[in-house]
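The block underneath contains the structure these notes are about, expressed in structure tokens.
The values are calculated or read from the model by the stated rules, or taken from the named source; none is laboratory data. The shown structure was predicted, so the numbers you read here are calculated from the model rather than taken from an experiment. Cβ sites come from the backbone with ideal geometry, for glycine too, and all protein chains shown count toward neighbours. Side chains are part of the model used for accessible areas, which takes the heavy atoms of the whole protein and leaves out ligands, DNA and RNA. Shrake-Rupley method; radii C 1.70, N 1.55, O 1.52, S 1.80 Å.
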Amino acid sequence: MRYYAVIDTNVIVSAMLKWNSVPGSILELAIEGPITPVLNEKILEEYREVLLRPKFHFTDKIVSEVIEAIKRRAIFADEERIDIELPDPKDRVFYEVVMEQRKNSDAYLVTGNIKHFPVEPYVVTPKEMMDIILSDTV
């Protein structure tokens, strides 16, 4: 089964800080498994900008390799402007991209900041995304 997912930056950061974790599993499944990342250039720019913050100590080479691995499996979707108030305006692009992809297929927004988005069954935590995938394999 194929799962389309817009992956919030906080999940990517958490995965890179601790590969042996639920966010790490999400990133691994996005690079090598049944998750097809859904993104656009704004999302890629945010990944790069955040991952290269000095506090994380990731090298440019590592960040580039992870982003390239995500891009190889990704599909690109333009965001369509949605009139919605979110606590962090930078989160808007993630919500708009997932809503655009949902016009064509089931798609999820995977985030560690669930409270930053509307309560919807397709806005899920990394653990909830793993549970969805695992329940389909039983």
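What is the dipole size for the chain, taken about its Cα centre, with +1 at each Lys and Arg Cβ and -1 at each Asp and Glu Cβ, in debye to the nearest 20? Each step should come with its number before you reach the end.
Working: 17 positive and 24 negative charges, 82 e Å.
For this selection, approximately 400 debye.
Here the ratio of the Cα radius of gyration of region 17-96 to 2.2 N^0.38 Å is 1.17. Rg over Rh for region 1-60 works out to 0.97, using Cα positions for both radii and the Kirkwood form for Rh.
Bridgeable lysines around LYS61 (alpha carbons under 17 Å apart, same-chain partners fewer than 8 residues away excluded): LYS71.
State whether the chain is rounded, prolate or oblate according to the following rule on the C-alpha gyration tensor (a ≥ b ≥ c being the square roots of its eigenvalues): a/c under 1.5 gives rounded; otherwise a/b larger than b/c gives prolate, and the remaining case gives oblate. Show your work: numbers first, answer last.
Numbers: a/c = 1.45, a/b = 1.12, b/c = 1.29.
Note, shape of the chain comes out rounded.
222 nm [θ] for the chain, helices only, -39500 (n - 2.57) per DSSP H run of 4+, per residue, to 500?
-15000 deg cm²/dmol
Put ASP78, ASP8 in order of accessible area, highest first, and with a 1.4 Å probe you get ASP78, ASP8.
Remark on TYR4: its backbone amide H falls under 5 Å from those of THR36, TYR108, a criterion applied only to residues 5 or more positions apart or on other chains, H modelled at 1.01 Å from N.
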